[in-house]
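Asks: Before we start, here is the structure in question, set down as structure tokens.
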Amino acid sequence: MSEFSSNFDQRMRALLGENGWLKGQAELDAYGRDWLKRYGETPIGIARPGSTAEVAAVVRLAAQHGVTISPQGGNTGLNGGSVLGAGDRGIILSLARMNRLVSVDPIDFTATVEAGVVLAALHAALEEQLLCFPLHLGAEGSAQIGGLISTNAGGSHAMRYGMMQDLVLGLEVVLPDGAIWNGARALIKDNAGYQLRRLFCGAEGTLGIVTRAVLRLFPAPRGKATALLALDSLATAQTIGAFLRARAGEFVAAMEFFTEIGLALALKHVGGLTRPLETAGPVYLLVELTTSIEEMALDDILERALAACFEAGTVVDGAIAANETQRAAFWRLREEMPEGQRLEGAQIKHDVAAPVARLASFVAAASTAAEAVLPGVRINPFGHLGDGNVHFNLSPPAGQSDFAGREALLSEAIYDAAVAHDGTISAEHGLGQAKVALANRYRSATERDLMRRIKTSLDPANRMNPGKVV
Ligand SMILES: Cc1cc2nc3c(=O)[nH]c(=O)nc-3n(C[C@H](O)[C@H](O)[C@H](O)COP(=O)(O)OP(=O)(O)OC[C@H]3O[C@@H](n4cnc5c(N)ncnc54)[C@H](O)[C@@H]3O)c2cc1C
């Protein structure tokens with residue numbers, strides 16, 4: 001061990017204690033690799049501070065020793081943002097020990113939490129108080145508030161409640177020079193200068209470490225009405241989506257879609273699923289209405305709106321969930337789309353978005369382009385019809401185990417189509433280290449320059465999660 005590292009080690013151990021500075025090989029491996037096991041260099045150690053003051057002290061100590069820091073939450077990010085990049089000489093700073101739900105204010109409708117609070121734990125704690133934090137995603141059992149803020153997570157209810165940036169009122173952040181910015185205010189209106197909190201939403205740990213947040217809460221939904229529809233096309237889903245928004249307005253909480261290809265893969269590989277309707281897709285639309293008003297007859301509202309669609313002949317088949325079990329079964333079909341495809345074998349995932357009105361046109365164009373690159377490639381788009389976010393995922397042609405070396409060309413075709421439709425190459429998963437080169441290609445020089453200037457002004461030594469985002 002060099003003099004440098006033993007000195008750094010000693011000081012980190014003295015600062016954080018045995019439980020706060022981990023060096024065992026098993027721990028370096030566990031924290032050091034990303035969720036998809038695609039990225040991660042071995043870190044010098046894992047820092048697990050227990051307070052904001054300790055985070056600030058770690059940041060200062062790391063700076064003195066020229067060590068980089070990669071902040072880590074639940075490590076469920078899908079673009080390698082939470083682990084070291086090639087050539088980094090750095091540590092991982094895990095927020096896992098900072099997991100206190102500090103307070104819930106039922107008058108303000110806010111919760112103040114430390115960054116390491118796991119999303120599902122927040123949901124559970126709020127349930128008793130008839131309040132809700134309306135962000136939902138498949139990784140909610142592990143993803144932490146700080147990670148969700150730093151990737152500006154979206155999920156299935158973003159069409160109604162927005163993304164994480166819309167749910168954060170205030171933040172406390174440890175900056176790259178070790179200073180603590182306390183902006184953890186519980187204000188909806190606060191125009192005293194730049195909207196600094198928004199800068200850290202989606203910054204992926206490159207501008208500082210989020211240590212505490214004040215989050216917006218909402219009354220818990222007490223009534224839900226959920227329907228699953230089989231439709232002839234995504235264009236029809238788009239039209240019906242707009243019609244339902246016009247008829248059921250503020251009650252529409254989620255509109256999700258998947259296709260027969262994805263359903264068949266999920267039914268083939270995932271246990272406990274059943275075909276939901278007598279008639280097959282080819283496209284399925286899951287619609288959910290929610291309300292906090294117990295007496296509201298949501299089923300009637302949904303039924304009347306859907307009756308008009310059946311009369312117009314736009315719905316092939318459909319059902320409104322008769323009870324909670326059926327509702328959960330509908331949702332599970334949508335949520336098992338990634339798992340069904342994963343278990344089928346090789347896959348390429350793309351998290352892209354287009355404006356809602358151009359979604360069908362984007363999916364058609366991207367499908368044609370992908371088919372031209374690799375005839376027979378199985379195209380499995382699914383996602384959030386309500387906000388235009390598509391997980392445009394691919395499996396090799398039937399009977400083949402790989403993409404015949406065409407992965408890069410396939411991805412390029414899909415990203416080109418998204419951008420040509422005024423969409424984006426990253427809807428809700430961020431850039432991490434996986435998509436930095438892509439962003440360089442698709443973002444304008446002015447936009448890239450603006451981001452670089454922000455990064456350089458806050459972190460001139462480039463020690464905060466280098467190689468991510470910019
Ligand atoms: C099964 C599954 C389903 C998913 N579904 C969705 C979905 O529907 N919508 C969606 O948006 N995402 C989804 N994701 C992606 C992932 O869950 C989100 O990106 C989530 O926000 C990551 O949170 P995390 O705590 O795991 O962060 P991590 O993966 O640990 O970190 C993510 C990024 O944030 C940074 N970071 C973490 N904590 C902090 C902090 N306190 N301060 C500063 N920077 C920090 C890291 O450096 C990294 O760059 C899914 C992932 C999986 C595995």
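Asks: So ARG97 ticks every box in (1) under 25 Å from the mean Cα position of the chain (by Cα); (2) among the charged types (D, E, K, R); (3) closer than 25 Å to LYS224 by Cα; (4) at pLDDT 95 or above but one. Which box is left unticked?
Replies: (3)
Asks: Within region 140-185, track down each residue that is near the ligand (Cβ under 10 Å from one of its atoms) and of a type in the set (A, V, I, L, M, F, W, C).
Replies: Across region 140-185, the qualifying residues are ALA143, ILE145, LEU148, ILE149, ALA153, ALA158, MET163, MET164, LEU171, VAL173, VAL174.
Asks: Which ones in region 110-139 are under 22 Å from MET159 (Cα atoms), modelled with pLDDT of 95 or more and either within 14 Å of the ligand (Cβ to nearest atom) or within 20 Å of the chain's Cα centre (by Cα) (or both)?
Replies: Scanning region 110-139 gives LEU119, ALA120, LEU122, HIS123, CYS132, PHE133, PRO134, LEU135.
Asks: Would it be correct to say that SER82 is more than 27 Å from ALA124 (Cβ to Cβ) and under 19 Å from the mean Cα position of the chain (by Cα)? Before you say what the answer is, go through the steps one by one.
Replies: Working: more than 27 Å from ALA124 (Cβ to Cβ): no; under 19 Å from the mean Cα position of the chain (by Cα): yes.
Judged against the criteria, SER82 is not a match.
Asks: Among (1) surrounded by fewer than 16 Cβ atoms within 10 Å (Cβ to Cβ); (2) under 23 Å from THR290 (Cβ atoms), there is one condition SER103 misses while meeting the rest; what is its number?
Replies: (2)
Asks: Across region 58-98, what is the number of residues that are farther than 19 Å from VAL469 by Cα and out of contact with any strand residue (DSSP E or B) (no Cβ under 8 Å at 6 or more places or on another chain)?
Replies: 7
Asks: Would you mind finding the one in LEU196, LEU244 that is under 16 Å from VAL174 (Cβ atoms), away from the ligand (no atom under 13 Å from the Cβ) and not hydroxyl-bearing (Ser, Thr, Tyr)? Reasoning before the result, please.
Replies: Working: LEU244 fails: under 16 Å from VAL174 (Cβ atoms).
Sole residue among the options that is under 16 Å from VAL174 (Cβ atoms), away from the ligand (no atom under 13 Å from the Cβ) and not hydroxyl-bearing (Ser, Thr, Tyr): LEU196.
Asks: Among the numbered criteria (1) in contact with a strand residue (DSSP E or B) (Cβ under 6 Å, 6 or more places away or on another chain); (2) within 13 Å of the ligand (Cβ to nearest atom); (3) touching a residue at least 40 places away in the same chain (Cβ under 8 Å), which one does LYS224 miss?
Replies: That leaves (2) as the condition not met.
Asks: Which number in (1) without any contact (Cβ under 8 Å) to a residue 24 or more places away in the chain; (2) near the ligand (Cβ under 9 Å from one of its atoms); (3) of a type outside the set (Phe, Trp, Tyr) marks the one condition that ILE107 misses?
Replies: (2)
Asks: Follow-up. Being crowded, with 21+ Cβ neighbours inside 10 Å, under 18 Å from the mean Cα position of the chain (by Cα) and touching a residue at least 40 places away in the same chain (Cβ under 8 Å) is the requirement here; does ALA203 meet it?
Replies: Values: crowded, with 21+ Cβ neighbours inside 10 Å: yes; under 18 Å from the mean Cα position of the chain (by Cα): yes; touching a residue at least 40 places away in the same chain (Cβ under 8 Å): yes.
Against the criterion (crowded, with 21+ Cβ neighbours inside 10 Å, under 18 Å from the mean Cα position of the chain (by Cα) and touching a residue at least 40 places away in the same chain (Cβ under 8 Å)), ALA203 qualifies.
Asks: Starting from residues that are of a type in the set (A, V, I, L, M) and over 15 Å from ALA254 (Cα atoms), keep the ones in region 126-151 and report whichever is surrounded by the fewest Cβ atoms within 10 Å (Cβ to Cβ).
Replies: Within region 126-151, the subset of a type in the set (A, V, I, L, M) is 126, 130-131, 135, 137, 139, 143, 145, 148-149.
Keeping just the survivors that are over 15 Å from ALA254 (Cα atoms) gives 126, 130-131, 139, 143, 145, 148-149.
Working: LEU126: 20, LEU130: 12, LEU131: 20, ALA139: 19, ALA143: 24, ILE145: 33, LEU148: 33, ILE149: 25.
Here the answer is LEU130.
Asks: Mind telling me which of the residues VAL67, VAL55 ends up being crowded, with 17+ Cβ neighbours inside 10 Å and within 11 Å of the ligand (Cβ to nearest atom)? Break it down into steps so the answer makes sense when it comes.
Replies: Values: VAL67 fails: within 11 Å of the ligand (Cβ to nearest atom).
That would be VAL55, the only listed residue that is crowded, with 17+ Cβ neighbours inside 10 Å and within 11 Å of the ligand (Cβ to nearest atom).
The values are calculated or read from the model by the stated rules, or taken from the named source; none is laboratory data. As the structure is a prediction and not an experimental result, all values here were calculated from the model. Here the Cβ is made from the backbone with ideal geometry for all residues, glycine too, and neighbour counts use every protein chain on show.
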